[in-house]
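The values are calculated or read from the model by the stated rules, or taken from the named source; none is laboratory data. Just so it is clear, the structure is predicted and the values come from calculations on it, not from any experiment. Cβ coordinates were reconstructed from backbone atoms using ideal geometry, including for glycine residues, and neighbour counts include every protein chain displayed.
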Amino acid sequence: MQATTKKAQKLITREHKRIGPGQIILLFLVLLFTVFCFAPVLLVFISAFTDEMYIVQHGFTFFPGTHWSMNGMNSVLRYGGQLATSYAVTIGITVIGTFVGLLIMSMYAYSISRPGFRLAGFLSVFVLIPMLFNGGQLSGYIIFTSWYGLKDSLLLLILPLCVTTMNVIILRTYIANSIPGELMEAATIDGAGDYRTFFQITLPLLKPSLAAVGFMMATAYWNDWQNAQLYITSNNKKPLQLLLINIQKSIEFLLNNNNVPASVRAAMGGTIPQYSSTMATVVIVIAPIMVVYPFFQKYFVKGLTVGSVKG
Amino acid sequence: MQKGFFANIWKHRAHVVMALPAFLVLFFIMYVPMVGLVLAFKKYDYAAGLFASPWVGLENFKFLIASKGEFYTMTKNTLMYYFIFTAVGTVLNVAIAIAIDQLAFKRMAKTMQTLMIIPVFISYAAVQFIVFAFLDRNTGMINNVFGTNYRFYAKAGIGYWPLILTVVKVWKDTGYGSVLYMSVLSGIDTSLYEAADIDGANKFQQIRHITIPSLIPMVTVMLLLSVGNVMHSDTGLFYQVTRNIGQLYDKTEVIDSYVLNSILNSGNFGYTAAASLFQSVVGLLLMLFANWMVRKIEPENALF
């Protein structure tokens, strides 16, 4: 406590002259909320490396003392094949979905913001309606599976999240407000065709907005469990989230089917380290986003702001 | 006129081509499935398919209303959680935004904000394991720390779920939710605060008379826009975090999770479609109403 206060005082003198006790109380409160938000995330990481027997006996804890263990993580990594497959599926749909989505949505947003284009009004309404009224999960399920015959298809993990009303609005707003129309006109006068104007002038200028929307899309793809649970049945198409949902089944299945060396089994005491390996799987699923996110933070703060104001 | 229209389209043919891919995705993914809602007036026959299934008029709706229990419960829960989450969420989003904005330790504030936002990026499929680590009867931290023996995941623990779900929701969304308000706060002209300072206003007076009033428009807009989503819930929260335990349905089943369960367990698609249609129509009306209100109050924030 003493140390904290001292540190705080040091900060005070450096950063600002007039910092009263009010600031310290405020700092304490915000810090408390930060701990509330971050501690559960920390618990996942700690539990992933806690000895299974310790969790069984003492429950999940932030302070496992000396009872650290790699068994949980090892047993997950021994999923081997399935884990690699699921990772590949998730990365694949995330990259393809985000890339395709950004491209076709920005082309759409660009088209509907062209002055003098008579279909622009219709197309704007067309993209808006799904936000107001849609068939819901059940209708989608019936149409996708029985009409399109897409049961167990990766397309159903990609297409439903590919084009969203809000993202088109955000991109259109950015084009309308932050990219000067004269630039596009000048390009046209200089002889650039419509496609060239879009790809060489508009798209590069759209980058901040693309980063914001792209990151949000990537997160949505990475975290999508619902479509996977509804449509995906075969193991070689299972994304990480579905693996996580079926975790109990997965752990047993994988441990029983893969060649787990006898030494490892012995080290686990013959039991499946279910608590620590569950958490280890959670770590494997959430870690990539947490690593990438700080780099995108400034963009999505900006993107969010732009999106909230309609042009 | 007509000729001029086609001439215009021809002139803009590149734009038509560029709009086409997204148009097609929207058409096939969002528009065609709307047809599926006719199921609300049919008795679904798996073999016959959507169109050949026999019409039953309003039977499905009659059944829904007659079977008071479940339909009533899930509608009530949907509304109840909407109100709790919106009220608690809005207050906390604004409070956190103001707190971070007022904090003089700027660099620390930034780091804390970064940490606060992290939960929003964790899927509910993963969140349920985190919640489990706190609530499990044997290994859960709550029971171990307090030496209690609560059975949160059983009938006996049902009373705690509104609180649990609210805490999880707050944990997941507050950090991210406050970002929007922070961007409004950073747009306030600092000379306003300086002037207030000179006039002898203390911090609380400044917050009361400068900060909060400048947030009101955004709060109003966000509240009104959320009205359009009253009938929709965070499916993952109610399906994953509760582990879809039937004993807890009285307090945890919402329309979205009911529909999901019905699809996964091949429930009665006729009733489910009726519930979906009810959800979609009420949602549409609320959305139109909300937008109309926003248009009156803050025209540039209206969606359409």
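Could you look through the range A:48-75, keep only residues that are of a type outside the set (Gly, Ala, Ser) and in contact with a Leu (Cβ under 7 Å, 6 or more places away or on another chain), and pick out the one that is farthest from residue A:229 (Cα to Cα)? Step by step, filter the range A:48-75, then rank; the result is A:62. Condition first: under 26 Å from residue B:30 (Cβ atoms) and of a type in the set (Ser, Thr, Tyr). Can you find one or more residues in the range A:177-197 that meet it? No, because not a single residue in the range A:177-197 is under 26 Å from residue B:30 (Cβ atoms) and of a type in the set (Ser, Thr, Tyr).
For the criterion of being surrounded by fewer than 20 Cβ atoms within 10 Å (Cβ to Cβ), more than 17 Å from the chain's Cα centre (by Cα) and of a type outside the set (A, V, I, L, M), residue B:62 passes. Restricting B:111, B:86 to residues that are over 23 Å from residue B:261 (Cα atoms), among the polar types (S, T, N, Q) and within 14 Å of chain A (Cβ to nearest Cβ) narrows the list to B:111. Applying the criterion of being of a type in the set (S, T, N, Q), more than 7 Å from chain B (Cβ to nearest Cβ) and assigned to a loop (DSSP other than H, G, I, E, B) to the residues of the range A:130-171, the residue that is surrounded by the most Cβ atoms within 10 Å (Cβ to Cβ) is A:164. The set of residues in the range A:105-129 that are small (Gly, Ala, Ser) and not in a loop (DSSP other than H, G, I, E, B) comprises A:106, A:109, A:111, A:120, A:121, A:124. Among the numbered conditions (1) assigned to a loop (DSSP other than H, G, I, E, B); (2) surrounded by 11 or more Cβ atoms within 10 Å (Cβ to Cβ), the only one that residue B:37 does not meet is (1). Within the range B:159-180, the set of residues being of a type in the set (A, V, I, L, M) and farther than 18 Å from residue B:236 by Cα comprises B:179, B:180. Filtered by the rule that a residue be touching a helix residue (DSSP H, G or I) at 6+ places or on another chain (Cβ under 7 Å) and not hydrophobic (A, V, I, L, M, F, W, C), the range B:192-204 gives B:193, B:203. Set side by side, the residues B:259, B:294, B:282 differ, and just one is in contact (Cβ under 8 Å) with a residue 24 or more places away in the chain, touching a helix residue (DSSP H, G or I) at 6+ places or on another chain (Cβ under 8 Å) and among the aliphatic types (A, V, I, L, M), which is B:294. Right, residue B:240: more than 29 Å from residue B:287 (Cα to Cα) and either at pLDDT 90 or above or surrounded by fewer than 16 Cβ atoms within 10 Å (Cβ to Cβ) (or both) or not? No.
Note on the range B:184-199: residues that are surrounded by fewer than 18 Cβ atoms within 10 Å (Cβ to Cβ) and either more than 19 Å from residue B:94 (Cβ to Cβ) or within 10 Å of chain A (Cβ to nearest Cβ) (or both) total 11.
Rundown of residues vs (1) free of Cβ contacts under 8 Å to residues at least 12 places away in the same chain; (2) surrounded by 20 or more Cβ atoms within 10 Å (Cβ to Cβ); (3) part of a loop (DSSP other than H, G, I, E, B); (4) within 25 Å of the chain's Cα centre (by Cα), yes/no style:
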{"residue": "B:143", "(1), (2), (3), (4)": "yes, no, no, no"}
{"residue": "B:149", "(1), (2), (3), (4)": "no, no, yes, no"}
{"residue": "B:152", "(1), (2), (3), (4)": "no, yes, yes, yes"}
{"residue": "B:158", "(1), (2), (3), (4)": "no, no, no, yes"}
{"residue": "B:165", "(1), (2), (3), (4)": "no, yes, no, yes"}
{"residue": "B:177", "(1), (2), (3), (4)": "no, yes, no, yes"}
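Residues of the range B:254-266 that are closer than 14 Å to residue B:71 by Cα and either small (Gly, Ala, Ser) or outside any helix (DSSP H, G or I) (or both): B:254, B:257, B:262. Residues that are under 30 Å from the mean Cα position of the chain (by Cα) and under 30 Å from residue B:288 (Cβ atoms): does the range B:190-208 have at least one? No - not one qualifying residue is present in the range B:190-208.
Restricting attention to the range B:295-304, the residues that are at pLDDT 85 or above and at the interface with chain A (Cβ under 10 Å from one of its Cβ atoms) add up to 0. I'd like the residue in the range B:7-51 that is under 18 Å from residue A:117 (Cβ atoms) and more than 9 Å from every other protein chain (Cβ to nearest Cβ) and, out of all such residues, is nearest to the chain's Cα centre (by Cα). Going through the qualifying residues, I end up with B:10.
Taking the numbered list (1) closer than 19 Å to residue B:265 by Cα; (2) not in a helix (DSSP H, G or I) in turn, residue B:232 passes all entries but (1). Residues that are closer than 27 Å to residue A:229 by Cα, at pLDDT below 85 and within 12 Å of chain A (Cβ to nearest Cβ) occur in the range B:214-228; there is at least one. Selection within the range A:70-128: residues that are among the small types (Gly, Ala, Ser) and within 10 Å of chain B (Cβ to nearest Cβ). The member of this set that is surrounded by the most Cβ atoms within 10 Å (Cβ to Cβ) is A:109. Looking only at the range B:259-277, residues that are more than 19 Å from residue B:53 (Cβ to Cβ), at the interface with chain A (Cβ under 10 Å from one of its Cβ atoms) and surrounded by 16 or more Cβ atoms within 10 Å (Cβ to Cβ) come to 1 in all.
The number of residues in the range A:179-223 being among the acidic types (Asp, Glu), surrounded by fewer than 20 Cβ atoms within 10 Å (Cβ to Cβ) and either within 14 Å of another protein chain (Cβ to nearest Cβ) or in a helix (DSSP H, G or I) (or both) comes to 2.
Quick one: count up the residues across the range B:115-141 that are at the interface with chain A (Cβ under 9 Å from one of its Cβ atoms) and assigned to a loop (DSSP other than H, G, I, E, B). Selection size over the range B:115-141: 6.
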